[in-house]
């Protein structure tokens, strides 16, 4: 034994230990795959990300609505990305409160538009202390406003009866069985958030209170809105519904990592489409050259080598 102890050669925050083996592209992919919560636990030996909070202000994104062109205008680091209404489907996530006391948890309804690349656009969030007999009526009104393709209702205790009652009124309600504890189930949403796939309606009257709770989680006194965000992320990642990117398609333009942000996906899709056009043009040129040269085979030699002869 030499008596020497190992010393970490890194001197700067974020410097890679073995860049030849685990380069920046590998690290970026792992961060997209696991999100802040999972990456901190698996690779940084921390149960929570640096700073303590699961959702971070730097990852928050926003959109506005252009009713003239019928598009959602997503504000991305690479500019505004318009997404037509018709290319999205509507999702509602519901967290019902058992008590209507002012000190109790809130009942929360969250309305999302989901893009074909599984981005979540938060259209509206309703957070109130509704009496039991008003919760279903409020959900019906919310559905009439947005026409959801799916309403996921957290099913604990009496909420199961709410799912059936909603179905009886013609709503596309489905029970959502919460996996594990609130922090663990938020991991999918934290991945979507850090990858730039969650957007909130800019300047909405509910935005301040919503972000205050989201950004303080898991230290915030209330977490009902976080629950609806966690539910939405889990739903879009695990359920197949019309409009979601078909990962089994043979279309080369769809072989894109869906965890990428929409501007990265759209740019990559455009590059793949352009490459396909260039490849097709090159193939057409090669075929034209062959046609110009005429037959490249001696027909007499070919006939001799095949069954049946020209003689």
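Please rank 129, 205, 143, fewest neighbouring Cβ atoms within 10 Å first, as an exposure proxy. Each step should come with its number before you reach the end.
Working: 129 15, 205 8, 143 21.
Starting with the residue having the fewest Cβ neighbours, the order is 205, 129, 143.
May I ask you to list the residues of the range 63-85 whose amide nitrogen lies under 18 Å from a point 7 Å from Cα along the Cα→beta-carbon direction of residue 56?
77
Could you check the spin-label model distance between residue 280 and residue 69? Points 7 Å from the Cα along Cα→Cβ, value in nm.
With each label point 7 Å from Cα toward Cβ, the separation is 2.5 nm.
Return 267, 224 ranked ascending by Cβ neighbour count within 10 Å, so the fewest neighbours appear first. Kindly include the intermediate steps, with their values, before the conclusion.
Details: 267 15, 224 19.
Starting with the residue having the fewest Cβ neighbours, the order is 267, 224.
Using a 7 Å offset from the Cα along the Cα-to-Cβ direction at both residue 78 and residue 165, what is the distance between the two label points in nm, to one decimal?
4.7
If R0 is 51 Å, what FRET efficiency do you get for residue 141 and residue 273 from their C-beta distance, rounded to 0.05?
On the way: r = 42 Å, r/R0 = 0.83.
After rounding to 0.05, the efficiency reads 0.75.
Treat the count of other C-beta atoms within 10 Å as a stand-in for reagent exposure and order 194, 149 from fewest to most. Display every interim value, and only then the final one.
Details: 194 24, 149 15.
Exposure proxy ranking, most exposed first: 149, 194.
Report the FRET efficiency, 1/(1 + (r/R0)^6), for residue 177 and residue 5, where r is their Cβ-Cβ distance and R0 is 51 Å, rounded to 0.05. Let's see the in-between values first.
Numbers: r = 50 Å, r/R0 = 0.98.
Once rounded, the FRET efficiency stands at 0.55.
Taking the Cα-to-Cβ direction at residue 304 and at residue 292 and moving 7 Å from each Cα, how far apart do the two end points lie in nm?
My value for the distance between the label points is 3.2 nm.
All of the numbers you see were taken from the coordinates with simple rules; none came from a lab. Since this is a predicted model, take the numbers as computed values, not measurements. For neighbour counting, all protein chains shown are included, and Cβ atoms are generated from backbone atoms with ideal geometry for every residue, glycine included.
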